[in-house]
Amino acid sequence: MNKIKIIGLGAGDMDQLPLGVYRSLMDEKNAVYVRTKDHPVISILEQEGAAFHSFDSIYEKHDQFEAVYKEIVAFLLEKAGEKDIVYAVPGHPLVAEKTVQLLIEKDKEGLASIEIAGGQSFLDSIFQALRIDPIEGFQLLDGTALDRSSIQLRNHLIIGQVYDTFSASEVKLTLMDILPYDYPIKIVTAAGSSLENIKAIELHELDREIDLNNLTSVYVPPVREEKILHKEFSQLRHIIAELRGPNGCPWDKKQTHESLRKYLLEESYELIEAINEGDIDHIIEELGDVLLQVMLHSQIGQDEGYFSIDDVIEGISDKMIRRHPHVFGEEQAESVDDVMKHWQNAKKKEAKEEKSSVLDGINQALPHLMQAYELQKKAAKVGFDWPDANGAWEKVKEEILEFQKEIEEATNKEKIESEFGDVLFSLVNIARFYKVDPELAIFQTNKKFIQRFSYIEEKVKESGKEWSQMSLKELDGYWNEAKEKQR
């Protein structure tokens, strides 16, 4: 198998080029391929008589860098099938060079034989140019595939592969999701060479620079301002730990899982209300309040030595992957019913022991309308159900008559309550047939009642009368006015 010798052209000009690399590039016996000719060393070597085949034209063929890299590698493998070749890349072959990583994979698969001959990385030159110490913490990220979740704002951030206006614009937009538009950054070009240039700009100006090229990197200084870090999950975790810490808040420090239960319920219902209102700002606020409850419970677990938010996140991540084999595995799902089937199968596999009843597994802490809904769903799965809604409607009528009879006889309060419960249970069954969530339905009705009654209160106040002076007909008239306004 012929060899692909991979060498680095260094970070800048000829002064940084090792003698061995120079000889390999100038040896007439070698077929030398360069990823790009857009490098100061190439033009000088060409003046000295060296000949190169570049892949610049491939960049113009594709919209995605991944396709470019794959075509370059395929071409190199084809040429290596004929004889030994040299492949030269900017900087060091093992720093920010995707084509080299793809060639390494081919080498592991036995499809290529590669030798990496080194070259100076641009990192040392950038550290020197910016006068930063990497031991303080730094990240090197690819500007062509910048992922918001990978960025750690407390570190020195160096973003390579910022070739042109398009890649600069993508980097800018990603950074502006988490940083102020005027955050100070630096554009570093040809660090360590005679062409070195460092330009300080504000973030929003990044894609307005016209001197971007293959030797350009973007430097983002570590964030020191706490307010900017408030979008970071790690910062929220730190805040909650502080609240529960020795010098924290007396109220937060005394909370337990049990004492927080009512707040989780309240915040959940307030979130539902915000969703019903369609108020995005309110939804954001209420989601934050629900998340606060999760964070507080997780911090209590960590303080007591039982679990942390890491365990919570790991658990839900594992569960989502297990229960979505049609996304993360080999299963297929063409409809929502298929998805639910996969979900239920996964739940069965997760069960630690055989359930003794079909109705096992229903959360006893659920509000009772929701619990009734879940009980009926469980029973329906094993065939204990009306074939259609008609049977359910007849059951409602039957239960109402039984309730009326019990009211007329007025013999026993417990029996009256029991019969009224049967009416509610049968109505929940109707809701299930029509895919209506009974808990949400009554929640919306309560809210609607509050709004209409508030309108009546305003009207009574405007009239100058007392409630006792108002007739039911007048109050009902205000109620109908409120209904019309809601419509």
Taking the stretch 7-31 and the residues there that are more than 24 Å from Thr216 (Cα to Cα) and touching a strand residue (DSSP E or B) at 6+ places or on another chain (Cβ under 7 Å), the one that is modelled with the highest pLDDT would be Ala31
Note: among Leu173, Leu212, just one is open to solvent by 90 Å² or more (accessible area, probe 1.4 Å), without any contact (Cβ under 8 Å) to a residue 60 or more places away in the chain and more than 30 Å from Glu304 (Cα to Cα), namely Leu173
Only one of Lys448, Lys435 is open to solvent by 70 Å² or more (accessible area, probe 1.4 Å) and either out of contact with any helix residue (DSSP H, G or I) (no Cβ under 8 Å at 6 or more places or on another chain) or free of Cβ contacts under 8 Å to residues at least 24 places away in the same chain (or both), namely Lys435
Exactly one of Trp467, Trp479 is among the aromatic types (Phe, Trp, Tyr) and open to solvent by less than 80 Å² (accessible area, probe 1.4 Å), and that residue is Trp479
Report whether or not Leu287 is within 30 Å of Phe443 (Cβ to Cβ), open to solvent by 60 Å² or more (accessible area, probe 1.4 Å) and touching a Leu at 6+ places or on another chain (Cβ under 7 Å).
-> yes
Out of (1) hydrophobic (A, V, I, L, M, F, W, C); (2) open to solvent by 70 Å² or more (accessible area, probe 1.4 Å); (3) not in a loop (DSSP other than H, G, I, E, B), the one Leu195 does not meet is (3)
Taking the stretch 93-118 and keeping residues open to solvent by 20 Å² or more (accessible area, probe 1.4 Å), in contact (Cβ under 8 Å) with a residue 40 or more places away in the chain and either in contact with a Ser or Thr (Cβ under 6 Å, 6 or more places away or on another chain) or assigned to a loop (DSSP other than H, G, I, E, B) (or both) leaves Val95, Ala96, Ala117
Condition set at pLDDT 90 or above and β-branched (Val, Ile, Thr), scope the stretch 126-147, selection least open to solvent (accessible area, probe 1.4 Å): answer is Ile126
Scanning the stretch 188-209 for residues that are at pLDDT 85 or above and either in contact with an Asp or Glu (Cβ under 6 Å, 6 or more places away or on another chain) or charged (D, E, K, R) (or both), the one nearest to Leu9 (Cα to Cα) turns out to be Glu196
Residue hits (the stretch 215-250; part of a loop (DSSP other than H, G, I, E, B) and either touching a Phe, Trp or Tyr at 6+ places or on another chain (Cβ under 6 Å) or of a type in the set (D, E, K, R) (or both)) are Arg224, Glu225, Glu232
Screening Arg154, Arg208, Arg224 for residues that are basic (Lys, Arg) and either more than 27 Å from Asp133 (Cβ to Cβ) or touching a His at 6+ places or on another chain (Cβ under 7 Å) (or both) leaves only Arg208
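The values are calculated or read from the model by the stated rules, or taken from the named source; none is laboratory data. As the structure is a computational prediction, the values presented were derived from the model and not from experiment. A quick note on method: Cβ atoms are made from the backbone with ideal geometry, for glycine too, and the neighbour counts reach across all protein chains shown. Each accessible area value is taken on the protein alone, full model and side chains, heavy atoms only, with ligands, DNA and RNA left out. Shrake-Rupley method; radii C 1.70, N 1.55, O 1.52, S 1.80 Å.
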